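> This is the structure, below, for whatever I ask next.
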Amino acid sequence: MYTLPILITISINEKMKKFNLVLALLLGIVGMSFGQADAIEKYFSQYQDDENFTVVYISPKMFSMVSKIAPDDMDQDIKEVIKDLKGLRILTTEYNTEAFYKEAKSKINTKEYEVLMTVRDEGTNVEFLVKDTGDIINELLLLVGGDEFVMMSFVGNIDLNKIAKLANSIDIDGMEHLENLGDKKN
Amino acid sequence: MNFNHINDLLELYFVGDSSIAQEKELKSYFNSDQVATEHLQFKSLFSYFSEAKHISTNLDFNEANLIDELLEKYFEGETEISEEQTLKAYFSGNNVEARHENYSSLFTYFTKAKEVSFDKEIQPEGDIDDLLEKYFEAQSSIEEERKLKAYFNSGTVAAEHKQFSELFEYFSTAQAENLEKGIELDLNKKAKKGQLRVLRRRMMGVAAGFVLLIASVFIMKTNISNDDQLLSEAERIEAEAALETTMEALAMLGVQFNKGTESLENMKAFKKTQILKQ
């Protein structure tokens, strides 16, 4: 959809070879401003059609709608975080959890993604990774390997302070909620 | 002298039948003050004759026998041109001696002969025809062609030559065309200007392309962030489902996050005790 006007402009300038180079650079810049592919999109698109996997994708447009219908009486911390989210991808499976976890870790480019935190607790490995440009975190990647393999990618303006607040509010009912999640998936 | 008599004399004179005595009579009449008005037109003619005679009379008085000597010289072929001219002037005058009269016809012939050659120079039509023939056979020299050009450029072109006058006029204008060679420099300038214009057009095209690109980017970006419409019912349901999923995801995130921070909390407590100890 975005490439059409770009293609048109290329054809106009076909004769100018020099300008083609400049144009290519410009297009690169333009392309970068349009939707950065998150980790799951990049590395794990092959699994998106695999029946053993549960795949969830929430687009930026959907998030704008979500923020509209969010009730005013809901948890403010959560609301704050949702407000800045632009995309969410979830990839989860109960098969070969360790193998997938290892594969995911190896595939992720450490230059792009920085490890924020690693937790190992009762046979479950958890890893938090972030991708940031300067001071702003663009993507938060969560990897879980244990009883189940989970890969979650949050795209948007991510503020770690807000996430910490959110975690705090969850802590109180946290364990219960986690059990609920497990039940739903079964 | 009466009027009619003068008229008779004039008649005789103009048919060339007047005797010298009669001509003398006319001369004296015109020299007098009693010239009739009808005869006044002829007065200048006869005054001329008296002057001419006056010249010749000078000759006669000063060198009476000179003519005899000159004649003798002439018939021996020993006269110079100036002497022959003297003889000629004498014989063309009216005061030729009786004994010289049989030679007068000889010297008047020479005058006439000279006049004939004069005529030839005025109208050299025969020459022009020869030159034209040579020209059309491409055998004329440059000098001859110049003669032709001068002839056609003059105002006196014969009727049968008029058809060629345009041809020779063309040659003179063709010569003039060389002046226009100077314009080529201006054409070069114009060509350069033209090239500049083409370049400018191309630049305009490229600039237009860039503007188009930037405009499209701008439009796309504004499209994404433009969402002031109310959601439909279906969209509502979908959005709610999405919200739920998001909250669950965030919950998991929080839980895992807490696992990590828990250990940090332990560290904090550990540090405190350490400080206390010290």
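The values are calculated or read from the model by the stated rules, or taken from the named source; none is laboratory data. Just so it is clear, the structure is predicted and the values come from calculations on it, not from any experiment. Every residue, glycine among them, receives a Cβ derived from its backbone with ideal geometry; neighbour counts consider all protein chains shown. Accessible surface is based on the protein model in full, side chains and every heavy atom, while ligands, DNA and RNA are left aside. Shrake-Rupley method; radii C 1.70, N 1.55, O 1.52, S 1.80 Å.
> Near residue B:33, within a Cβ-to-Cβ distance under 15 Å, what is the net charge of the other residues, with Lys and Arg +1 and Asp and Glu -1? Kindly include the intermediate steps, with their values, before the conclusion.
On the way: positive: B:27, B:43; negative: none.
My count for the surroundings of residue B:33 gives +2.
> Further question on the same structure: For segment A:97-156, give the magnitude of the charge dipole about the Cα centre (Cβ charges: +1 Lys/Arg, -1 Asp/Glu; no others), in debye to the nearest 20.
Details: 6 positive and 12 negative charges, 47 e Å.
The calculated dipole for segment A:97-156 is roughly 220 debye.
> Follow-up. Hey, which of these cross-link pairs are over 31 Å Cα-Cα: A:107/B:271; A:111/A:165; A:79/B:271; A:102/A:162; A:165/B:271? Mind showing how you got there, number by number?
On the way: A:107/B:271 37 Å; A:111/A:165 28 Å; A:79/B:271 35 Å; A:102/A:162 29 Å; A:165/B:271 23 Å.
A:107/B:271; A:79/B:271, as the Cα separations exceed 31 Å there.
> Now for a different question. If you stretched the chain out fully between residue B:24 and residue B:276, how much longer would it get, using 0.36 nm times the residue separation minus the C-alpha to C-alpha distance? Please list the in-between numbers first.
Numbers: separation 252, 0.36 × 252 = 90.72 nm, distance 17.88 nm.
Here the answer is 72.8 nm.
> What nm value, rounded to one decimal, do you get for the distance between residue A:124 and residue B:136 when each label is placed 7 Å out toward the C-beta?
Placing both labels 7 Å beyond Cα along the Cβ direction yields 12.3 nm.
> Just to verify a number: what accessible area does residue A:106 come out at with the full protein assembly present, 1.4 Å probe, Å² rounded to tens?
Residue A:106 exposes around 90 Å² with every protein chain in place.
> Under the definition of partner shielding as Cβ atoms of other protein chains within 10 Å of a residue Cβ, what is the mean value for peptide B:237-244?
The per-residue average across the peptide is 6.
> Let me ask something else. Counting partner chain Cβ atoms within 10 Å of every residue's Cβ in A:116-127, what's the average? List each step's numbers first, then the result.
Details: counts 2, 7, 1, 8, 1, 5, 1, 0, 2, 0, 5, 2.
If you average over the peptide's residues, the count of other-chain Cβ atoms is 3.
> Let me ask something additional. Near residue B:18, within a Cβ-to-Cβ distance under 14 Å, what is the net charge of the other residues, with Lys and Arg +1 and Asp and Glu -1? Before the final figure, lay out each step's value.
Values: positive: B:24, B:27; negative: B:8, B:11, B:17, B:23, B:25.
After counting each charged neighbour, the total is -3.
> At a probe radius of 1.4 Å, what is the per-residue accessible area of residue B:237, in Å² to the nearest 10?
Accessible area of residue B:237: about 110 Å².
> Would you tell me the accessible area of residue A:54, worked out with a 1.4 angstrom probe on the heavy atoms of the protein chains, in Å² to the nearest 10?
My reading of the accessible area for residue A:54 is about 70 Å².
> Residues with beta-carbon under 11 Å from that of residue A:136, excluding residue A:136: net charge, scoring Lys, Arg +1 and Asp, Glu -1?
On the way: positive: A:131; negative: A:84, A:132, A:135, A:139, A:159.
Neighbourhood net charge equals -4.
> Another question, then. If r is the Cβ-Cβ distance from residue B:267 to residue A:107 and R0 is 35 Å, what FRET efficiency results, to the nearest 0.05? Intermediate results must be reported in sequence, preceding the final value.
Details: r = 32 Å, r/R0 = 0.90.
That pair, residue B:267 with residue A:107, gives E of 0.65.
> Determine the shielding of peptide A:80-93 by partner chains: average, over its residues, the number of Cβ atoms on other chains within 10 angstrom of each Cβ.
Values: counts 0, 5, 5, 0, 0, 3, 1, 0, 5, 1, 5, 0, 1, 0.
Whole-number average of other-chain Cβ neighbours for A:80-93 is 2.
> Any idea what the dipole of segment A:40-130 comes to, in debye rounded to 20, about its Cα centre with Lys/Arg Cβ at +1 and Asp/Glu Cβ at -1?
460
> Assuming R0 = 41 Å, can you tell me the calculated FRET efficiency for the pair residue B:200 and residue A:61, based on Cβ-Cβ distance, to the nearest 0.05?
0.40
> Would you calculate the separation in nanometres between label points at residue B:146 and residue B:17, each defined as 7 Å from the Cα along the Cα-to-beta-carbon direction?
5.7
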